[in-house]
Amino acid sequence: MSAETAPLLSVKDLTVSFKKGRQVVQAVAGISFDVYEGETLGLVGESGCGKSTTGRAIVRIEEPTSGEVLVAGKRLTGLGRGELRRARTSIQMIFQDPVSSLNPRRRVNDIVAEPIDIWKTETGDQRAATVREMLEAVGLDPDVAGDRYPREFSGGQCQRISIARALVMKPKVLICDEMVSALDVSVQAQILNLVEDLKAKYGLTLVFIAHDLAVVKNVSDRVAVMYLGRLCEVAPSDDLYALPAHPYTQALLSAVVEPDPEKATSHVTLTGEPPSPINPPSGCRFRTRCPSAQERCASEVPELREIAPRHQVACHFPTLRP
Amino acid sequence: MSNEQSSIAFPSTEELSGPLLRVKDLRTTFSTPRGSLTAVDGVSFELGRGETLGIVGESGSGKTVLARSVMGLLPRSNTTQTGSILFEETEIVGAQEATLREIWGAKIAMVFQDPMTSLNPVVRIQRQITESLRLHTSMDRAEAKATAISLLSQVGIPSPAERVRAYPFQLSGGMRQRVTIAIALACSPRLLLADEPTTGLDVTVQAQILDLLSSLQSARQMAVILVTHDLGVVATRTDRIAVMYAGHIVEMASTKRLFASMAMPYTQALLRSTPRISQPSHTRLIAIDGRPPDLINPPSGCAFAPRCTYATDQCRSERPPLRTAPEDPTHLFACWNPLQTGNAGSITTAKGEN
Amino acid sequence: MAKFLLKRLLALMGILLLVSLGIFMLVHLLPGDPTTTILGPNNTAHNRAVLMQQLGLNKPIWSQYFLWLGNIFHGNLGQSFITHQTVTNTLANAFPIDLELIVISQVVALSVSIPLAIASAKKPNGLLDRVSTTTSFALLALPPFIIIVFAVLIFSIHFHVFPGPGSYVPFSQDPISNLHTMILPSLVLAIGSVVIYFRLLRGDLITTLQEEFIVMARSKGLSNRYIMWRHALRPSSLSLLAAAGLNIGGLVAGAFVVEFLLAIPGLGYALVNSIQQVDYLAVQGVTLFVAVVVVVLNFIIDFLFTIVDPRIARE
């Protein structure tokens, strides 16, 4: 994780644009970040900020408009179809809705073995042994679960099955997109703990995308905050939550509700809602809702810069630590 | 704005005596192809005028069914209800639909979870607000429209005079939820049932909506039942909290008391499994193993016993009744081995650990 | 909204142009020679050539097409070789009859199917719902030309409730007997529509009535009748509207068959006669007119979609 080692996953100036009628929506507007081996990078932001699109563009489910994605120094962007498929075995994605992301007509054993069958890496007993190992690793009993269909499982169990499928090819990087948002609190905790255990066991590197700030803090080593297609702030989790420098991060954190009646309810609540990504504000994209916006914010795009060790912020007037 | 408000009758202080709502041994059962499912199983509570009660539970705990039962809103074709729900002077259980329709919208109103599905997509905002005004008050078309605009501005919608002509799809998610709140408030109900009103919303919008609800609630002396899965949502915005599990209220206390000295292991487990921003990152969550019981074949003893770390044989065989805490008669819990007494010393509350 | 309609209107023009070309080509592929029909089989080749020239049939086919198209824009659809009536005149006489048939049948179809669908959807699998669903399923299997034959046999020939074939009286002459003759064919035409409209609307209403916004409407204290008509019906009528659009073509064809079988001098009757006589200008004119009517009605339906569901116009 130290600065000398090369990052395992590197995203460089990534942009993703969609056409909406005649208009172009820039869902991701030039973001760059690195994720180091064994690290979990949390990606938070409100709906429409581009965090999910970023995740999908990394695994190229969504085609990036420009920019580069490198995994272990190898470019993922620009690969042909066959090469991309091979490369995808080292980077896997887990989605929000565990039930609809599993084929309802296949048995759990076959769902988990699907990547093996595609690559024909293993057959017969070896394949069965790998599937058993994966199901056990995610806390399912292979003897009970293996021959059943996804509909016989609860949401939390389905999410375990999709984790098993994602891990069966022993990927290096796992992109988790809102993977616990659809689950109940008690089940969510089970899955979050499971993710932590699996990360340690298999030496995984994670990009954990979610809207829930508490969930992201819990699993992440570093957290990146997104707003309207750009990164606002990237910092080690505890730093970011203790000393947020970007006004948007501050606003987000102040709006979090905590299960604690002693916590004061006064908020720096943001007024209004994010502007449309079709016609984003000039300069800093947050300036239209920012309590401390000044003229410079309209004319000049703030670049992500380091204000403390490993703490980067894209703001002309960040709150600096005392 | 002030003259529109004067046309709506606020309850005067003389009326504000005795509880607004008395629910007694309410049982709501659905008939399903697999058998009958008791979603709400013997629930009793009272709600004072202007009081805010949080109902917390996970999916399948019966919290939404309870809210809809209180209103008498469940379809009768596959539902049976026993017990009693006394709203002011009216018995809701078994009431004629015509009787209920006079209360619905006028005295009890509901805010639903997802404004995308709870607003009619092909009807303008204006009519969705004015139709209950026209029904329950003597307002004419113009007065109802003026009131609708005033309501939209009260719930914080910019340029309400134009927005009132909009269709729901022309508004953002947060704005839509404000509209459903405006609809619910139209006839100044005495009781507002808010069922997961902020679940699909972003954190900043959630904060805005919750603040809006509590300011409207205190301004209008309206009782609120806030149904949610999120202990954070109810922690600072309710007077009392009822925790539900498998169709039962398993613990109920004033909000302060509940968080300070919870007695029910389930409440504690729920709290401990919730990640918080005040905890350092990578704090190990204390998850609850297993999953809620099947309500078609519920376990014989305490419904939480199979997942409870403190469960004893008694827990598994005998259902614990709801009883009061010795130090605080308003604190109720249903547990044979409550945290404070049976496990005192060995167990501290989650708060104490921080 | 205006932009949406303009777009649709432009598309409509394009469609009509294509349709006119298609009809023109198709009619010119009809077997038979109009000069033989007009002059009789035993005339000289010279006379035929002269007639060909008079009718412009010796010109290249594309110039014939543009000549025809140009004339249409001046309101001139040509003149029948046989009856020497202008095609416009034929249309003016025959079209109101079809319009009457179709309008009556659709009014009947909607006023039966909507209340029936509402009543059935209130209690899915109730007695009324089961009876009407089963009956409609049975009727779906019967095409109008079978039903009309039995209807005439039963009601006209056996019971003498309605006049039989060939007893058409123009509306302007005697409105009562006109309606008396038109009721049976209209009802027969309506049956097919009722079945389709009922089944679609019933299904969509059942789905809509389970939506959260219906629970919300109930929670306002609104009456069930109000909820049904003001909240449920509109979002449930999209399939019905789409089916009505698709149904128009079939309805016109059905009307033609019924007219032909009952000798009602509508467009169908006129068209069949013109085809038999290789009266190609009349065939062309009538077919084009019918095509225009169908296309315009579909345009109106598209417009109705945007009224029923305002989201459609903005996509």
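A short reminder: the numbers here are calculations on the coordinates, not readings from a lab. This structure is a prediction, so every number in the text was calculated from the model and none was measured. Quick reminder, even Gly has a Cβ in these numbers, built from the backbone with ideal geometry, and neighbours come from all protein chains shown.
Report the semi-axes of the equivalent ellipsoid for the protein assembly as shown in whole Å, largest first, where each axis is √(5λ) for an eigenvalue λ of the Cα gyration tensor.
Computed over the protein assembly as shown, the values are 63, 39, 29 Å.
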Next on the checklist: I'd like the distance between the alpha-carbon centres of segment B:308-337 and segment C:1-53, rounded to an integer number of Å.
Outcome noted: 89 Å
Next on the checklist: Connecting C-alpha atoms closer than 10 Å in a GNM of chain B, tell me which of B:Ala106, B:Ala260, B:Ala144 has the biggest fluctuation.
Outcome noted: B:Ala260
Checklist entry - Which percent of Cα-Cα pairs in segment C:122-203 sits in each 10 Å bin, short to long? => result 17, 37, 27, 16, 3
Item to check | segment C:87-314, Rg to Rh (Cα coordinates; Rh as Kirkwood inverse mean 1/r) | outcome: 1.04
Checklist entry - Given H placed on each backbone N at 1.01 Å, which residues far from A:Val223 in sequence or on other chains put an amide H within less than 5 Å of it? => result A:Gly42, A:Ala235, A:Ser237
Checklist entry - Any idea which of C:Ala94, C:Pro163, C:Asn298 is furthest toward the positive side of the dipole for chain C, if Lys and Arg beta-carbons carry +1 and Asp and Glu beta-carbons -1? => result C:Asn298
Checklist entry - Taking a quarter of the surface of the Cα convex hull of chain A, what do you get in nm²? => result 18.6 nm²
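Would you mind ranking B:Arg307, C:Arg130 so that the residue whose beta carbon has the fewest other beta carbons within 10 Å leads the list?
Working: B:Arg307 18, C:Arg130 13.
Least crowded to most crowded, the residues run C:Arg130, B:Arg307.
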Checklist outcome for this item: In chain B, taking the dipole from +1 charges on Lys and Arg beta carbons and -1 charges on Asp and Glu beta carbons about the Cα centre, the listed residue (B:Pro160, B:Val243, B:Pro321) farthest towards the positive end is B:Pro160
Item to check | Residue-by-residue Karplus 3J(HN,Hα) for segment C:134-141, coefficients 6.51, -1.76, 1.60, Hz, glycine and proline x | outcome: 5, 4, 5, 5, 5, 5, 4, 7
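Given that compact globular proteins tend to follow 2.2 N^0.38 Å, what is the ratio of the alpha-carbon Rg of segment C:2-73 to that value? Before the final figure, lay out each step's value.
Numbers: Rg = 17.4 Å, N = 72, 2.2 N^0.38 = 11.2 Å.
For segment C:2-73, the normalised Cα radius of gyration comes out at 1.56.
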Checklist entry - For B:Arg127 and A:Lys20, what is the calculated FRET efficiency with R₀ set at 41 Å and r taken between the beta-carbons, to the nearest 0.05? => result 0.90
Checklist entry - So who's got an amide H within less than 5 Å of the one on C:Gln79, skipping anything under 5 residues away but keeping other chains? H placed 1.01 Å off N, in plane. => result C:Val87
Next on the checklist: If you consider only alpha-carbon coordinates, what radius of gyration and Dmax does segment A:1-84 have, in Å?
Outcome noted: 13.6, 46
Item to check | Within straight-line cross-link reach of A:Lys170, lysines at Cα separation under 30 Å, skipping those fewer than 8 residues along the same chain | outcome: A:Lys12, A:Lys51, A:Lys74, A:Lys120, A:Lys199, A:Lys201, A:Lys217
Item to check | Under Karplus coefficients 6.51, -1.76 and 1.60, residue-wise ³J(HN,Hα) of segment A:22-37 in Hz, glycine/proline x | outcome: 8, 8, 10, 9, 8, 6, 10, 10, x, 10, 9, 7, 10, 10, 8, 4
Checklist entry - How far is the Cα center of segment C:148-210 from the Cα center of segment B:82-121, in Å? => result 45 Å
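According to the Cα gyration tensor, what semi-axes, each the square root of 5 times an eigenvalue, does the equivalent ellipsoid of segment A:244-322 have, listed from largest to smallest in whole Å? Please list the in-between numbers first.
Details: eigenvalues 116, 65, 21 Å².
Gyration-tensor ellipsoid for segment A:244-322: 24, 18, 10 Å.
Calculate the tail of P(r) for chain B: the fraction of all Cα-Cα distances greater than 38 Å, expressed in %.
Details: 12294 of 62481 pairs.
Distances greater than 38 Å cover 20 percent of the Cα pairs.
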Next on the checklist: Only bridges whose two residues both fall in the protein assembly as shown count here: according to DSSP, what percent of them are antiparallel, nearest 5?
Outcome noted: 60 percent
Next on the checklist: If the reach is capped at under 22 angstrom between alpha carbons, list the lysines near C:Lys3, excluding any in the same chain fewer than eight residues apart.
Outcome noted: A:Lys19, A:Lys20
Checklist outcome for this item: Taking placed amide H atoms and a strict 5 Å upper bound, the residues 5 or more places from A:His311 or on another chain that come that close are none
Checklist outcome for this item: Karplus-derived 3J(HN,Hα) from phi for segment C:263-277 (6.51 cos²θ - 1.76 cosθ + 1.60, θ = phi - 60°), whole Hz, x at Gly and Pro, runs 6, 8, x, x, 5, x, 4, 4, 5, 4, 4, 5, 5, 4, 9
Checklist outcome for this item: The farthest towards the positive end of the charge dipole of segment C:172-231, of the residues C:Gly221, C:Leu205, C:Met182, given +1 on Cβ of Lys and Arg and -1 on Cβ of Asp and Glu, is C:Gly221
